Amino acid sequence: MKRPKDLVSNNYVENQQRGKVDQLQNQSIDQSNQSIDQSNQSIDQSYQSIDQGKAWTMAPSIPSALVSMLTRLPKLKFVVVTLGEEGCIMLQRTHNENDAELEETDVDECLASLSQRKDSKVTSPMCISSSVMKLKACGIGVLTGRLLVGTAEKIPPLELVDTTGAGDAFVGSVLYALCTDMPPEIMLPFAAQVVSRIIQLSSVLYVQILQFRSLRMQKWYHCRLAAVADI
């Protein structure tokens with residue numbers, strides 16, 4: 001049977017350890033909130049630049065706006081614009097030693113040519129790519145690169161539930177593809193497939209799935225902090 005002094009001592013140690021865990025948790029949460037706020041600021045700026053893309057570039061069409069963006073921002077390797085059920089358009093910058101031998105092609109005419117190669121009978125996403133060429137946007141400039149057209153998966157109207165989160169799913173898929181070194185010809189159909197799964201789910205169910213995963217992560221994180229405090 002434990003003496004009162006032993007009980008007080010044990011309670012004191014447990015309270016000290018719990019205090020360390022709470023302190024570590026609070027510090028981690030504060031740091032996470034700060035990083036999230038910074039990320040949100042940069043995301044807002046990115047979304048503003050996307051929404052105001054054509055206005056910012058003063059371009060008459062989407063393809064010419066993409067040329068303008070890569071011309072103004074020389075460190076960008078590519079730029080993508082999503083078009084909802086029409087899929088997406090991607091312009092990729094390339095560095096070719098034989099640039100002087102390439103003929104200039106109007107970027108709008110190139111897009112029209114690629115769009116004609118779409119197969120309306122194919123329901124799964126696909127990617128149609130041009131060869132490396134000098135893409136010209138009248139009054140804007142010339143860029144050496146490839147123009148790619150990505151199609152969206154054709155979903156029956158009755159299976160379309162909620163489009164909430166479709167844009168975020170596309171961006172997340174592109175980031176994953178970049179981390180795994182996917183070529184654009186695979187990346188665009190992959191992102192379209194992820195989006196098609198998202199929009200066939202209710203946003204409420206999607207949020208519940210995220211909340212469930214978040215709770216599991218919190219429990220795991222709490223156990224890790226407790227282990228660190230014990231050490």
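Brief remarks on what is shown
- Of all residues in the stretch 134-145, those that are free of Cβ contacts under 8 Å to residues at least 60 places away in the same chain and farther than 13 Å from D108 by Cα have Cβ atoms under 7 Å from Cβ atoms of residues that are open to solvent by 20 Å² or more (accessible area, probe 1.4 Å) and of a type in the set (K, R), 6 or more apart or on another chain, in T144/K134.
- Condition met for V149 (at negative phi, buried (at least 18 other Cβ atoms within 10 Å of the Cβ), in a strand (DSSP E or B) and without any contact (Cβ under 8 Å) to a residue 60 or more places away in the chain): no
- S115, sole failed condition from (1) modelled with pLDDT under 85; (2) open to solvent by 30 Å² or more (accessible area, probe 1.4 Å): (1)
- Within the stretch 122-142, tally of residues that are assigned to a strand (DSSP E or B), open to solvent by less than 20 Å² (accessible area, probe 1.4 Å) and not small (G, A, S): 2
- Pairs, first touching a residue at least 60 places away in the same chain (Cβ under 8 Å) in the stretch 155-173, second surrounded by 17 or more Cβ atoms within 10 Å (Cβ to Cβ), C-beta under 7 Å, six or more apart: G167/T82; F170/T82; F170/A191; F170/V195
- In the stretch 87-102, residue least open to solvent (accessible area, probe 1.4 Å) [restricted to those that are assigned to a helix (DSSP H, G or I) and under 18 Å from S130 (Cβ atoms)]: D99
- Exclusive hit being among the β-branched types (V, I, T) and modelled with pLDDT under 65, set V228, V174, V161: V228
- Where a residue in the stretch 56-81 is in contact (Cβ under 8 Å) with a residue 40 or more places away in the chain and its partner, wherever it lies, is of a type outside the set (G, A, S) and in a loop (DSSP other than H, G, I, E, B), with Cβ under 6 Å and at least six apart: S64/I140; V67/I140; S68/I140; L70/L76
The values are calculated or read from the model by the stated rules, or taken from the named source; none is laboratory data. Worth saying up front: this structure is predicted, and the values here are computed from it rather than measured. Glycine also receives a Cβ, built like all others from the backbone with ideal geometry; neighbour counts cover every protein chain displayed. When the accessible area is computed, the model is the full protein with side chains, heavy atoms only, and any ligands, DNA or RNA have been set aside. Shrake-Rupley method; radii C 1.70, N 1.55, O 1.52, S 1.80 Å.
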